[in-house]
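Structure first, then comments.
The values are calculated or read from the model by the stated rules, or taken from the named source; none is laboratory data. This one's a predicted model, so the numbers in the text were calculated from it and none came from an experiment. Ideal geometry is used to build each Cβ from the backbone, glycine not excepted, and the neighbour counts take in all protein chains shown. Note: accessible area is taken over every heavy atom of the protein model, side chains too, but ligands, DNA and RNA are not part of it. Shrake-Rupley method; radii C 1.70, N 1.55, O 1.52, S 1.80 Å.
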Amino acid sequence: MAKPKVVVIGGGLAGLSATMQLAQLGIDVDVVSLTPVKRSHSCCAQGGINSVNNLTRQLGDSEWKHFDDTVYGGDFLQHQPPVREMALWAPKIIELMDRLGVTFNRTPEGFRDQRRFGGTLFARTAFAGATTGQQLLYALDEQVRRWEEHGHVAKYEFWDYLGPVLDDRGVCCGAIVQDLVTMEVRALRADALIIASGGCGLIYGRSTMSMACTGSAASRTFQAGVDYANGEFIQVHPTAIPAADKLRLMSESARGEGGRVWVPKTPQDARHPNKIPAAERYYFLEQRYPKYGNLVPRDIATREIFNVCTKEGLSVEKDRMCVYLDVSHLPRQELDRKLGGILEIYEKFQGVDPRDVPMKIFPAVHYSMGGLWCGYERSSAGGLEVGSPRNHETNIPGIYAIGECDYHYHGANRLGANSLIACIFSGLVTGTGVANRLKSPDGPVAADRPASLFDRACQARQADFKALLARDGKGGNPYEIHQELGRVMTAAATVVRHNPDLEAAIGKVEELRERARRCSLSDTGQWTNQNVVFTRALEDMFPLALTILHGALARDECRGAHFKPELARPDIDAKEPAERRRQAEAWCDRFEENNKRWLKSTIARLDADGRPVLSYEEVDVSLIPPRPRLYGVVGGELIEEVWKERRRGTTHE
C-alpha cells in the first residue's frame, strides 16, 4: 500500500512547525511556498513570543492568567478551549525553541530575558533582539531541512498554490500548484492539505505585510467551499513608519523596553523634538491609561493615536499624520542589544538615528484576526483533545487551516507577541491530529486514486492560465486597480467604520472586481511571468475584501478592532453618586444586550456569484464568562463593581 502524504501551503512558522511534527511522526510532506521559506513573512515578526515563565510566576502569573488576558484582550470572541490549550503549551514551546537553538536574549545571570507587551501587566515576552520571528523561523527551517535530507520533506519554493483537488464526495485529495519559473501547472496528491499561508494585508494596498501576503491561498480555498470566519476583524498596529511605498512595522517591543508615545501640546510645534520640554509634551497614552501606559492593547492605542491626530489636531506634521515614539532617553547600549534590528530599519528608511531623535510613527494595517473557519475537539478538562483529527480541520474534510489564516486564537483583537506562539502551537497540534487521521483513512490513499481526477483539476487550472494570457490588452492596469482597492479598503474598514462608508465601499469594490476581470497583462510570456501571478492574486483579493466589508457592515457594535463610533458605550460622566450608579447600571444593561446579539463569530460562505453570504456561530465562553472590557473607561471602577454584583446575583441597596 502506498504511503500517505500531506501538502502544506506556506513555509512560515505555522507551516514549518506542522511539517516538522509530521515528519517526526513518519509522514512525508510537500511544502509549497511562494518564496524561499526563510523569506516567509514570519521572519518580519520583531518583538517576541509570549508564555508564562519563572519570573512572572513569582509575581503571581499563571497559564490561566495568560489565557484570561488573551480572551479579555480579544473581547471574548474566541472559542476558549483552543486558547486555553495554547496558553498551557506556551512554556513548553519556548523551551523547545530554546533547545532548537533560538538565540533568545539573556540576562547577566544567563536566564532568558523577558519584556512586557501590550494588554498584560506581566513581562511574558521572550525575545531574540528585535528579530524574534526570523530566529524562530531559521530554527524550524533547520529541523525541516534535516527531514528533507532524510527524504521525508520536499520543498516547492517559488510555487503558487492554485486550489485544492476535491473528489466526488467533496473530500480533499490534493492541491494544484504552479512553478513560478517555468509556469508548469502540476497536481500534488495529498491525504491532507494544510493551509498555512498567512494574512491578507495587501488587500489594503500599503500595510506592514510582505509582498507575498495577498491572501490568495486562503481566498482560493474559500472559493473552493471552505467557510471564512470573522473577516471583519483586521488589526491596525499603532506604530508603523509612514512611507509612500509601504508601511514598515515599528515593533511594540520599542514601547515594551520603555519607549513613550507623545505629541507636542502646541499643534505642529516647529521646534526640534529634543528642544520641547517635558512640560510641553502630551504623553496621552500614559495620561489616559495609567495602569497600562504605552502598552494598552493595540486596538485602543491605535484609536487614541488616530483621534489625537484627527479629532484633536495634534499631529506632529501638518500634511502627514504622525506622532512621536521616543526611545532617545534609553541607554544606547541597551537599545542596540535589545532593539537594534528595528532601529536600523528606521535609520535606513528615514535617515534619522532614533537613538538620538524621536521617531515619527502612525498606525498601519498589520494582521487579520479572522481567517478560514476550522473546528476543534474539546477535552474533558476544557482545552483541546490533543491528537484529535478534528483540531483545525475546516468544513471540507481533509483541509486544515493554521497560523494567521485561521481564526481561532485572537478574537476581536490580537495581543502583541501572541501571534508567534499561536502559529507554532497550531502547527504542532495540527501535525499530530493529521497524523492520527491518516492512520484510519476513510478511503483510498491519494497515491492510489485515479490519475483522471488530478488530470481534470490540472487541465481546469491550465485553461484559466491560458485565458489570462489571452486577454486582449484593452482592459485596465492591474497595479492601478490594486492601488484603488487599497485606498477604498483603508478609508472604509480600518480604525473607524461608518455604515454609509462601508455601503459605498462595497459598491466600489464590486466595480473594481469587474474591472479586474477584464484587466490587461503587460507580459504574456510563459516563463517566470510575475504579471500573471499578481493579476491572479488581485482577482482573488475581492472575495476576501467583500467578506471584510459585508461583515463589518452587518456587525452593528464595537468590539476590539471593529469600531463604529456611534455605537460606542459612553463613559460615566455624572457627578452625583446616585446618577453615576444609574449610568453604570445602564452601561451594563447595554453590554449584556449587545453580547446577546453579537457575541458570535461571523461565518461567510460564497454564493454562486462569488458574493459572501453571512451566518453566525455561537462562541464557546464556558471557561471565562465575558465581562466588560474596561481599559481606560472613565468610571470603569464603578462599572466593574456593578458587573461583579450582577455576577454574584446581588443588588445594590
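Could you tell me which of the residues 205, 133, 129, 201 is on the phi > 0 side of the Ramachandran plot and modelled with pLDDT of 95 or more?
From the options 205, 133, 129, 201, the qualifying one is 205.
Could you check residue 169 against (1) surrounded by fewer than 20 Cβ atoms within 10 Å (Cβ to Cβ); (2) of a type in the set (Lys, Arg); (3) closer than 30 Å to residue 53 by Cβ and say which number it fails?
If we test residue 169 against (1) surrounded by fewer than 20 Cβ atoms within 10 Å (Cβ to Cβ); (2) of a type in the set (Lys, Arg); (3) closer than 30 Å to residue 53 by Cβ, just (3) comes out false.
Tell me, please, whether a residue that is closer than 30 Å to residue 191 by Cα, free of Cβ contacts under 8 Å to residues at least 24 places away in the same chain and either out of contact with any helix residue (DSSP H, G or I) (no Cβ under 9 Å at 6 or more places or on another chain) or open to solvent by 10 Å² or more (accessible area, probe 1.4 Å) (or both) can be found in the stretch 370-379.
So far as the stretch 370-379 goes, yes, one or more of its residues are closer than 30 Å to residue 191 by Cα, free of Cβ contacts under 8 Å to residues at least 24 places away in the same chain and either out of contact with any helix residue (DSSP H, G or I) (no Cβ under 9 Å at 6 or more places or on another chain) or open to solvent by 10 Å² or more (accessible area, probe 1.4 Å) (or both).
For residue 211, work out the one condition from (1) open to solvent by 10 Å² or more (accessible area, probe 1.4 Å); (2) part of a strand (DSSP E or B) it doesn't fulfil.
(2)
Taking helices (runs of 4 or more DSSP H) that do not extend beyond the stretch 262-353, which have at least 1 residues that are touching an Asp or Glu at 6+ places or on another chain (Cβ under 7 Å) and either open to solvent by 40 Å² or more (accessible area, probe 1.4 Å) or acidic (Asp, Glu) (or both)?
Ranges flagged: 284-288, 332-350.
If you check 538, 502, which single one turns out to be surrounded by 17 or more Cβ atoms within 10 Å (Cβ to Cβ) and farther than 30 Å from residue 568 by Cβ?
538
Can you name the number of the only condition in (1) closer than 16 Å to residue 160 by Cβ; (2) buried (at least 24 other Cβ atoms within 10 Å of the Cβ) that residue 179 fails?
(2) is the only condition that residue 179 fails.
Could you tell me which residue of the stretch 455-499 is surrounded by the most Cβ atoms within 10 Å (Cβ to Cβ), considering only residues that are of a type in the set (Gly, Ala, Ser) and touching a helix residue (DSSP H, G or I) at 6+ places or on another chain (Cβ under 9 Å)?
493
Pairs, please: C-beta under 6 Å, at least 6 apart or cross-chain, first residue under 18 Å from residue 441 (Cα atoms) and in the stretch 171-193, second among the basic types (Lys, Arg) and in a loop (DSSP other than H, G, I, E, B)?
Here the result reads 173/449, each pair linking the stretch 171-193 to a residue that is among the basic types (Lys, Arg) and in a loop (DSSP other than H, G, I, E, B).
Checking the conditions here, which among 419, 452 is exposed (fewer than 15 other Cβ atoms within 10 Å of the Cβ) and polar (S, T, N, Q)?
Answer to the check: 452.
Do you know which residues across the stretch 551-584 are in a helix (DSSP H, G or I) and either buried (at least 17 other Cβ atoms within 10 Å of the Cβ) or free of Cβ contacts under 8 Å to residues at least 24 places away in the same chain (or both)?
Matches in the stretch 551-584: 551, 552, 553, 567, 577, 578, 579, 582, 583, 584.
What pairs come out if I take residues in the stretch 597-612 that are under 23 Å from residue 71 (Cα atoms) and pair them with residues that are assigned to a strand (DSSP E or B) and of a type in the set (Ser, Thr, Tyr) whose C-beta lies under 7 Å away, six or more apart or interchain?
That search, which allows pairs on different chains as well, returns 600/616; 601/616; 602/616; 603/615; 603/616; 604/228.
If I go through the stretch 136-166 residue by residue, how many of them are at positive phi and open to solvent by less than 50 Å² (accessible area, probe 1.4 Å)?
Here the count works out to 1.
Would you please name the residue that is nearest to residue 169 (Cα to Cα), looking only at residues in the stretch 397-433 that are part of a loop (DSSP other than H, G, I, E, B), among the hydrophobic types (A, V, I, L, M, F, W, C) and in contact with a helix residue (DSSP H, G or I) (Cβ under 6 Å, 6 or more places away or on another chain)?
That would be 402.
So, in the stretch 598-624, exactly how many residues are under 15 Å from residue 549 (Cα atoms) and not hydroxyl-bearing (Ser, Thr, Tyr)?
Residues in the stretch 598-624 being under 15 Å from residue 549 (Cα atoms) and not hydroxyl-bearing (Ser, Thr, Tyr): 9 in total.
Any idea how many residues of the stretch 450-471 are outside any helix (DSSP H, G or I) and modelled with pLDDT under 95?
Count: 2.
Is it fair to say residue 435 is open to solvent by less than 40 Å² (accessible area, probe 1.4 Å), farther than 30 Å from residue 236 by Cβ and among the aliphatic types (A, V, I, L, M)?
Spelling it out, residue 435 is indeed open to solvent by less than 40 Å² (accessible area, probe 1.4 Å), farther than 30 Å from residue 236 by Cβ and among the aliphatic types (A, V, I, L, M).
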